[in-house]
Amino acid sequence: MSSMGPEPLADGFGRVHRDLRISVTDRCNFRCSYCMPAEGLDWLPRHEVLSYEEITRVARLCVERFGFDGIRLTGGEPTLRADLPRLVAQLSGLGVDLALTTNGTTLRSGAAELRAAGLTRINISCDSLRPDRFATITRRDDLDRVLDGIDAALDAGLSPVKINVVAMRGVNDDELLDFVQFGRDKGVTIRFIEFMPLDAQGEWSNDKVLSRDEIIATIDARFPLEAVEAQGSAPAERWRHRDGAGEIGVIASVTHAFCDTCDRVRLTADGMLRHCLFATRELDLRSLLRGGANDDTIAAAIRAEVGAKWAGHQINRVHFIRPARSMSQIGG
Ligand code: SF4
């Protein structure tokens, strides 16, 4: 950090990184079929998981040294981590835009406390509005708790509240309009996410991907849409309803990759820094944190790792290599 303050964290393609995604746990109370097997995964031993103080130190360095202005907490299911509001309070003290991605099951009891601790906005994952199908996808009969969690987030004053829907051909592609209607009725933003090759079982295939263009064409035919001018590096492309009843978003990672404006790095629950969701390498920050490294050394290591960032994922290209970790072991 120069006497003049933070120095931007740019990679070799000139992309300046400002957004830190932090996975606070690899554990989850769901077993979503597009993420992990029914029996779950071998969870990280507790001693390998970063403490809240270690997480906050990395976040503080990113804010103070590189000028990061956004943090998103993810998992696994982040709200399973004990005393999460304490971490939220520590991170909100850094003055950044703080968000959380959750499956919503604990929000009726926890949303207000997270809000009071400094959380501002939230994304809640929900891939079906039909109880039977929800139970098939997540292997949990918890749709009611998730829907109640959405109401709890709204009641707590979190805003915006966005609903993440992984759109999968032959699974929930017949619910696009139901979700849009749900969003219009509740005043929440539905974000459809193209299915990505990050499932632990390795069963992803391109024919299961419902593309952005298919999603938009289906919705526009029933609910006329107009595109919203892209702002910054947010992954979702946005469309507003022509009748003014809100917006929808699509994260088109597979068919319309947005890597050229990527500003994100990820910290895994066990302290590895990943410069890309699909990275096939990572920086062991935990060893630096626990090995007595000072802030300059850690900041230099982060800068070197991001400096080596590739242009983007190679999905559907011959040299695409699946990352060794699945989505729940990286964080969204
Ligand atoms: S795939 Fe990697 S480079 Fe592309 S947007 Fe996602 S994190 Fe960024």
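The values are calculated or read from the model by the stated rules, or taken from the named source; none is laboratory data. Just so it is clear, the model here is predicted, and its values are computed rather than measured. Virtual Cβ from ideal backbone geometry, glycine too; neighbours counted across all protein chains shown. To get the accessible areas, we keep the full protein, side chains included, count just its heavy atoms, and leave off ligands, DNA and RNA. Shrake-Rupley method; radii C 1.70, N 1.55, O 1.52, S 1.80 Å.
Can ALA230 be described as closer than 30 Å to ASP97 by Cβ, within 16 Å of the ligand (Cβ to nearest atom) and out of contact with any helix residue (DSSP H, G or I) (no Cβ under 9 Å at 6 or more places or on another chain)? Let's see the steps before the verdict.
Values: closer than 30 Å to ASP97 by Cβ: yes; within 16 Å of the ligand (Cβ to nearest atom): yes; out of contact with any helix residue (DSSP H, G or I) (no Cβ under 9 Å at 6 or more places or on another chain): no.
So ALA230 fails the test.
Looking at ARG303, is it away from the ligand (no atom under 13 Å from the Cβ) and in contact (Cβ under 8 Å) with a residue 40 or more places away in the chain?
yes
Would you check if GLU64 is open to solvent by 10 Å² or more (accessible area, probe 1.4 Å), in contact with a Leu (Cβ under 9 Å, 6 or more places away or on another chain) and either under 18 Å from THR25 (Cβ atoms) or among the basic types (Lys, Arg) (or both)? Before the answer, list the steps.
Working: open to solvent by 10 Å² or more (accessible area, probe 1.4 Å): yes; in contact with a Leu (Cβ under 9 Å, 6 or more places away or on another chain): yes; either under 18 Å from THR25 (Cβ atoms) or among the basic types (Lys, Arg) (or both): no.
Here the answer is no, as GLU64 does not meet what is asked.
Could you please find all residues in the range 281-306 being of a type in the set (Val, Ile, Thr) and either in a loop (DSSP other than H, G, I, E, B) or open to solvent by 20 Å² or more (accessible area, probe 1.4 Å) (or both)? Steps first, please.
First pass over the range 281-306, keeping only residues of a type in the set (Val, Ile, Thr): 297-298, 302, 306.
Within the range 281-306, just THR297 meets the criteria.
Step by step: first the residues of the range 239-256, then only those that are buried (at least 17 other Cβ atoms within 10 Å of the Cβ) and among the aliphatic types (A, V, I, L, M), then the one that is farthest from ASP178 (Cα to Cα). Which residue is that?
Here the answer is VAL254.
Go through (1) touching a Ser or Thr at 6+ places or on another chain (Cβ under 8 Å); (2) within 16 Å of the ligand (Cβ to nearest atom); (3) open to solvent by less than 10 Å² (accessible area, probe 1.4 Å); (4) not charged (D, E, K, R) for PHE278 and report which single condition fails.
Failed condition: (1).
For the range 192-235, which positions are among the aromatic types (Phe, Trp, Tyr) and at pLDDT below 95? Before the answer, list the steps.
Filtering the range 192-235 for residues among the aromatic types (Phe, Trp, Tyr) gives 192, 195, 204, 223.
The answer is TRP204, and nothing else.
Tell me which residues, restricted to the range 233-262, are assigned to a loop (DSSP other than H, G, I, E, B), of a type in the set (A, V, I, L, M) and within 15 Å of the ligand (Cβ to nearest atom). Quick ask: steps written out before the conclusion?
Step one: list which residues in the range 233-262 are assigned to a loop (DSSP other than H, G, I, E, B), which gives 233-236, 242-246, 252-258, 262.
Then drop every residue that is not of a type in the set (A, V, I, L, M), which leaves 234, 236, 245, 252, 254, 257.
ALA234, ALA236, ALA252, VAL254, ALA257, listed by residue number.
So which of ALA167, ALA111, ALA89 is on the phi < 0 side of the Ramachandran plot, open to solvent by 40 Å² or more (accessible area, probe 1.4 Å) and either in a helix (DSSP H, G or I) or not hydroxyl-bearing (Ser, Thr, Tyr) (or both)? Even if it seems obvious, please write down each step before you answer.
Values: ALA167 fails: open to solvent by 40 Å² or more (accessible area, probe 1.4 Å); ALA111 fails: open to solvent by 40 Å² or more (accessible area, probe 1.4 Å).
The unique qualifying residue is ALA89.
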